[in-house]
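Please read the structure below before turning to the comments.
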Amino acid sequence: MSDEAVPAIKPSLPEEQPMIPQPLVELHGWGRAAGTMSHLAQIDSVADAVSALRKSDSRGVVPRGLGRSYGDAAQNAGGTALDLTKMNRILSLDASGDPATVTVQAGVSLDSLMRALLPFGLWVPVLPGTRQVTVGGAIAADVHGKNHHTQGSFGNHVRSLDLLMADGEMRTVTPDRDTRTLFWATVGGMGLTGAILRATVALQPTETAYFTVDTHRAANIDDLMQQMSQGDENYTYSVAWFDAVTRGRHMGRGVLTRGNKAQLAALPTKLRRHPLKFVAPSLGTLPEIFPNRMINKATAKAFSTAWYLKAPKNRTGELQNITQFFHPLDMVAEWNRVYGPNGFLQYQFVVPFEAAEVFRRCLEMIVSSGHLSCLNVLKRFGPGNPSPLSFPMPGWTLTVDLPIEHGLDRLCDALDNEVVGAGGRVYLAKDSRLSAAMFRRMYPRLDEFLEVRREVDPAGIFNSDLARRLELSKPTTGGRT
Amino acid sequence: MINALGEPQSLLLLGGTSDIALAIARRYARPGLRVALAARPSERRSAAATELVDLGCEVTEVDFEARDHASHATTVEQAFAGGDIDIAVIAFGLLGDPEQAWHDPDLALELAEVNYTAPVHLGVLLGQRMLAQAHGWIVALSSVAGERVRRSNFVYGSTKAGLDGFFLGLGEALREYGARVLVVRPGFVKSKMTSGLEEVPLAVTPDEVAEAVIDGIKGKRELVWVPGPLRVVMSGLRHVPRPLFRKLPI
């Protein structure tokens, strides 16, 4: 083959063409609050991404996937958001490797990846509360799942990624040797070191798509934490829902759910014929008809009580499918509409195990605040990873969904103070309100991240509303302080 | 960026020593809030800066002279040097003696320049900035005096009527670019501007105006009245026939 027959892989540069102005569209996170207007650039190829990067002005670009981060991470007021959801091809699978690995474009959702991998008896190692996230987003937010205490977060399983850098060059980065620092800054880096366009992820073998699950009810927060502290290591997956409405001696009552992947032998004969069947029913899409205050005292109390009482007191060895065990909310598309036009925020924090008392106090503050949350999650994290901005650290993590209402700022500020005082932090993928000053205190390794950013993107081309809010791309100011 | 709970990260106060501007800043103050105080250099400005620094804000003092149009671009540039401005408040204004104002051409011109020409000039400059950043608010302090211009202070009233119309229109123009404008129509505000004047019913404090501004931004409103019931009063007065209106003690 002559050299001419092989076109050089060189992005086309349509710079001589007049730039077609992209219309501004309102983008917001899953919480549907704090939306702003960005130019949304549809990216279908690496060349598109390079071209969008070169055309960007001082407002910069930010990669965007399926928009499941709750706050302002994937929006860029006045600048460009790169819509990478069409870069959704699974490129290659090495099923015989040890471990097996898959190489995908960054816009592949975990949902489609799971569907593609299950027939091979392969399993995505980390799944957050929804499958509707992209691989790129999962890396950029370094997402975690119910198995954090045993398997770590998503970044722990990434073997290599291709990063489109601010200078327009593609670079392959791995956790080894000379690209190690850039790799770990990109994991959890919220899309600010470059655009992840491709990734290779290590997979786990699985015999079935089912789980054997043990469920226990706990009468209050102390009981729940106590039960959870015992035997977590016997389960790959462990999480608890708790009631954040009921006060008094039943405060923090909850339902602990722990499980392991089911072995083939554990399945009943009927299921054994299709042990890797992906069960993901859809109940439809929630229409946009809900007013604010759908979550009120009456509905929140009724839901929390019903959810608690419907759980069995003690049940072991129950067989559950993926949707039942992992992603009940994925059955309903656009469920965030239930919070009405004002939107909601999710507050997720972690404090070290030693600070269990602070954890308990935070729960008390939430329960007694009058702000109502129904979808509450409690979990024990295992060790963190080397990423300077990754969220998980060994300790207790708690998540509440709070409709945006008057006075919520005071509750969140008070919680921030408790959390930071205990050496904890809040999760950027969920955050839409933290101040830059508080963020700096919560993430003491921020300077390491900023140093990488200065090196790979000195002009701050990768930028987002979150980056501006948290001053990750701050121009120098001459202000008095 | 204004966060999901309506808390801004940066303010620009044009007329930064006005009671209303400072009341707004105090309410928004939290550690790390950037405040550009644009006003004439004065002890009052230094004192305001010190107060806000004590509340944890990062304060930049910017020189600003409303009637020196040529200096406006520099003022705005300096204010934006620290990054995006989330909320820019046009809080300067001049009341003047209402009777003198329609006899003295210089005073009439000064009122027109301070209350209308300068805000329009700055409104365009700020509008361009807000358009480029595609987020943020311009808050313009109008007045009920502009809703229906009365004999008793028609020079002042006419300037506020002009300002009011301009900023409502600017708000409509900026909407599709993600930036917003809030026009605030207070009644009688007990402040240094009105000190020595006789108080009228429904008078409000600068703090109440500030609260209305904050709620207006949270609620993404275009126009707020302070106090709220003034809206009803004024929409009634607006339609009173002129011969009768003339006889009203207002």
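The values are calculated or read from the model by the stated rules, or taken from the named source; none is laboratory data. From a predicted model like this one, the values you see are computed outputs, not experimental measurements. Note: ideal-geometry Cβ built from the backbone for every residue, glycine included; neighbour counts use all protein chains shown. These area figures cover heavy atoms from the full protein model, side chains too; ligands, DNA and RNA do not enter into them. Shrake-Rupley method; radii C 1.70, N 1.55, O 1.52, S 1.80 Å.
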Q: Could you tell me which of B:Phe64, B:Gly162, B:Pro201 has its Cα farthest along the dipole of chain B towards the positive end, charges placed at Cβ (Lys, Arg +1; Asp, Glu -1), taken about the Cα centre?
A: B:Pro201
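Tell me the net charge near A:Gly31. Cut-off is 12 Å between Cβ atoms, A:Gly31 excluded, with +1 for each Lys or Arg and -1 for each Asp or Glu.
Combined, the nearby Lys, Arg, Asp and Glu give +2.
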(Q) Could you put A:Phe211, A:Phe278 in order of accessible surface area, largest first, with the 1.4 Å probe and the full protein assembly present? (A) A:Phe278, A:Phe211
Q) What is the magnitude of the charge dipole of the range A:228-299 about its Cα centre, with +1 placed on the Cβ of each Lys and Arg, -1 on the Cβ of each Asp and Glu, and no other charges, expressed in debye to the nearest 20? A) 260
Q) Taking Cα atoms, how many degrees apart are the long axis of helix A:408-421 and the longest axis of chain A, rounded to 10 and kept between 0 and 90? A) 90
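Dipole magnitude of the protein assembly as shown about its Cα centre, charges +1 at Lys/Arg Cβ and -1 at Asp/Glu Cβ only, in debye to the nearest 20? Each step should come with its number before you reach the end.
Numbers: 77 positive and 77 negative charges, 532 e Å.
Roughly 2560 debye, rounded to the nearest 20.
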Q) Using a 1.4 Å probe on protein heavy atoms only, how many Å² of accessible area do A and B hide from each other, summed over both chains and rounded to 100? A) 2300
Q) Based on the Kirkwood radius over alpha-carbon pairs, what value in µm²/s does the Stokes-Einstein equation return for the translational diffusion coefficient of the protein assembly as shown at 10 °C and 1.306 mPa s? A) 57
**Q.** Residues with amide H under 5 Å from that of B:Val139, placed H, sequence gap 5 or more
**A.** B:Ala88, B:Val89, B:Ile90, B:Leu182
Q) Using the alpha-carbon centroid of each, what span in Å lies between the range A:109-166 and the range A:308-348? A) 20
Q) Which whole-number percentage describes the relative contact order of chain A, with Cα contacts under 8 Å and a sequence gap of 6 or more? A) 17
Q | Quarter of the Cα convex hull surface for the range B:185-250, i.e. its orientation-mean projected area (nm²) | A | 5.3
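Can you give me the accessible area per residue for the range A:244-288, using a 1.4 Å probe, in Å²? Before the final figure, lay out the partial values.
Numbers: 2710 Å² over 45 residues.
About 60 Å² of surface per residue is accessible.
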Q) What trypsin sites (Lys or Arg not before Pro) in the range A:312-408 are in a loop by DSSP, with at most 15 other Cβ atoms within 10 Å of the Cβ? A) A:Lys313
(Q) Net charge within 14 Å of A:Leu286 by Cβ-Cβ distance, Lys/Arg positive one each and Asp/Glu negative one each, not counting A:Leu286 itself? (A) -1
Q. Along the range A:227-240, what does the Karplus equation 6.51 cos²θ - 1.76 cosθ + 1.60 (θ = phi - 60°) give for ³J(HN,Hα), rounded to whole Hz, x for Gly and Pro?
A. 4, 5, 6, 9, x, 4, 5, 7, 10, 5, 10, 7, 7, 10
Q | Among A:Gly340, A:Leu389, A:Leu378 the positive-end extreme of the charge dipole of the range A:291-393 (Cβ point charges) | A | A:Gly340
(Q) Nearest 10 degrees is fine. How inclined is helix A:297-310 to the longest principal axis of chain A, computing both from alpha carbons? (A) 70
Q. Going down the table (B:Lys160/B:Lys190; A:Lys146/B:Lys218; A:Lys297/A:Lys430), which pairs top 29 Å between alpha carbons?
A. A:Lys146/B:Lys218
**Q.** Contact order relative to length of chain B, as percent, for alpha carbon pairs under 8 angstrom and 6 or more apart
**A.** 18
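For chain B, give the magnitude of the charge dipole about the Cα centre (Cβ charges: +1 Lys/Arg, -1 Asp/Glu; no others), in debye to the nearest 20.
Values: 26 positive and 30 negative charges, 206 e Å.
It works out to roughly 980 debye.
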Q. What list of ³J(HN,Hα) couplings, whole Hz, do you get for the range B:227-233 from phi and the Karplus terms 6.51, -1.76, 1.60, once you set θ to phi - 60° and write x for glycine and proline?
A. x, x, x, 4, 4, 5, 4
Q: Starting from the amide H of B:Val35, placed 1.01 Å from N in the peptide plane, find each other amide H under 5 Å away whose residue is 5 or more places distant or on another chain.
A: B:Leu11, B:Glu58, B:Val59, B:Thr60
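Leaving ligands and nucleic acids out of the surface, order A:Ile43, A:Ile461, A:Ile289 by accessible area at 1.4 Å, largest first.
On the way: A:Ile43 0, A:Ile461 45, A:Ile289 120 Å².
Accessible-area ranking of A:Ile43, A:Ile461, A:Ile289, largest first: A:Ile289, A:Ile461, A:Ile43.
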Q. Which one of A:Gly259, B:Val184, A:Met365 has its Cα pushed farthest toward the positive end of the charge dipole of the protein assembly as shown, where Lys and Arg give +1 and Asp and Glu give -1 at the Cβ?
A. A:Gly259
